[in-house]
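Written below as structure tokens is the structure these notes are about.
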Amino acid sequence: MYLPVNLIIDLANDVGLLALVAISYGALRRARWPGGAQAVTLGLVFGAAAIATMLQASIPLPGIMVDARVIVVALAAAFGGPLAATIAAAAAGLYRIALGGAGTGMGLAVLGFAVVAGLLWRHTWRRRGHASLASLFSLGLTISCQALLLPLLPIQASATTIGLSVAALMASCVLATLLLGTLMRREDSLIAREESLLIDAFTDPLTGLANRRAFDQRLEEWTTVQPLRPFALMMIDVDHFKMINDRFGHDCGDRALAAVGDVLKRLESEKDIVARYGGEEFAVLLWNCDLPAAMRRAEHLRRLIAAKHFGEIDDAAPLTVSIGVSQTDRCGSPGSVRRDADAALYRAKAAGRNCVVAARKPRAARPRDGAGTRPSEPVAAWAEISQRPAGEFRRESRQIALYTNLP
């Protein structure tokens, strides 16, 4: 039988493999694939890693293997979820069956135990945001209980040797779990920080809407997407906003802008984009929408804002907006679509404000040669993050929803 020190050395040889697993985990998390595809790929990666640990396992007796596959499968469950854990455990289990030997049945049972332990840890700690070192230690200690099965194997050795081997296995299991878990937790932390910065970069802090940078990039994408689809643009300006700031103060003006933003967000459909374009001006992109439909929605929006109570502002005069609407049948340049909506907005202002005016005619331009057909990576990533359930990525109430998948 191997001495305890040999078992520790053999498990230590897996450190490089565990680090590679953590790096792969972070890369797959950043890939932003659909949930199912990402979980399947994670399961395959963890399953391959579990098999790799068996290729360099300690073999105290023929058919009996001591390796780190249980740690890999448990962490696949803890960080990858049920689907990733099932795939990883199935891959490791099938390979263990192919190897055969006296310890096959116990090896399969230990894999099932690892899946259950990892999923319980995920439910208890990770989903609550408490994936601390102490919680990883508890997971490692739970997984290490597999070492208590060692005396049940048909191994000819003294009780002292078996006891030392059990202690060595448990210590190695806890340390390896802490190492891999810490690396994966660090990847999660870095990804969360990157996502936070990404959201901040494309979010207006006052209203929680998309900012001009996000709007301009998405407008660029919509005017180059294939196949070409019509869309409408609304440019919205708060009437007499300078008077509101001068008379009631900038804090009151900020509250009015935030309130208008709230109304806009409530009317936003799945693929619409609502942004604060600058100052008291807002912009709304309506995907696959013709001019008459856009005019109806703009008029509904104007009436909602005019009827809304805005505190001290209403004591002097109701808060109103002017809206200019343009529409494209075949997408041209972003500037042409925006200029049409701006021109309509200026006409609405000249007509006395608190009204909706359509552009004189829709733009019909050819797409530019060499135009791209995919969303820019930062905006697409930001859009995907902002659609997640609140439990997956906790943000302040100003988190926005910008949608990315085009039909």
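The table below lists the values:
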| quantity | calculated |
| --- | --- |
| Considering residues of the stretch 94-104 that are closer than 18 Å to I71 by Cα and either open to solvent by 60 Å² or more (accessible area, probe 1.4 Å) or in a helix (DSSP H, G or I) (or both) only, the residue modelled with the lowest pLDDT | T104 |
| Residue within the stretch 235-243 that is closer than 29 Å to P334 by Cα, at pLDDT below 85 and hydrophobic (A, V, I, L, M, F, W, C) present | no |
| A84 vs. criteria modelled with pLDDT of 90 or more and open to solvent by less than 40 Å² (accessible area, probe 1.4 Å) | yes |
| Matching entry among A90, A98, A117 (being farther than 30 Å from E195 by Cα and in contact with a helix residue (DSSP H, G or I) (Cβ under 9 Å, 6 or more places away or on another chain)) | A90 |
| Wholly within the stretch 188-287, helices (runs of 4 or more DSSP H) carrying at least 3 residues that are open to solvent by less than 10 Å² (accessible area, probe 1.4 Å) | 212-222, 250-266 |
| Test result for V45, open to solvent by 20 Å² or more (accessible area, probe 1.4 Å), modelled with pLDDT of 90 or more and in contact with a helix residue (DSSP H, G or I) (Cβ under 8 Å, 6 or more places away or on another chain) | yes |
| Residue match in the stretch 265-279 (condition: over 24 Å from the mean Cα position of the chain (by Cα) and touching a residue at least 60 places away in the same chain (Cβ under 8 Å)) | yes |
| Options A91, A157: the member that is open to solvent by 20 Å² or more (accessible area, probe 1.4 Å) and at pLDDT 85 or above | A91 |
| Residues being in a loop (DSSP other than H, G, I, E, B), of a type in the set (A, V, I, L, M, F, W, C) and either surrounded by 23 or more Cβ atoms within 10 Å (Cβ to Cβ) or at pLDDT below 90 (or both) - total across the stretch 310-368 | 6 |
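The values are calculated or read from the model by the stated rules, or taken from the named source; none is laboratory data. Given the structure is predicted, the values throughout are model-derived calculations rather than measurements. No Cβ is skipped: glycine too gets one built from the backbone with ideal geometry, and neighbour counts run over all protein chains shown. Ligands, DNA and RNA are excluded from the accessible area calculation, which covers all protein heavy atoms including side chains. Shrake-Rupley method; radii C 1.70, N 1.55, O 1.52, S 1.80 Å.
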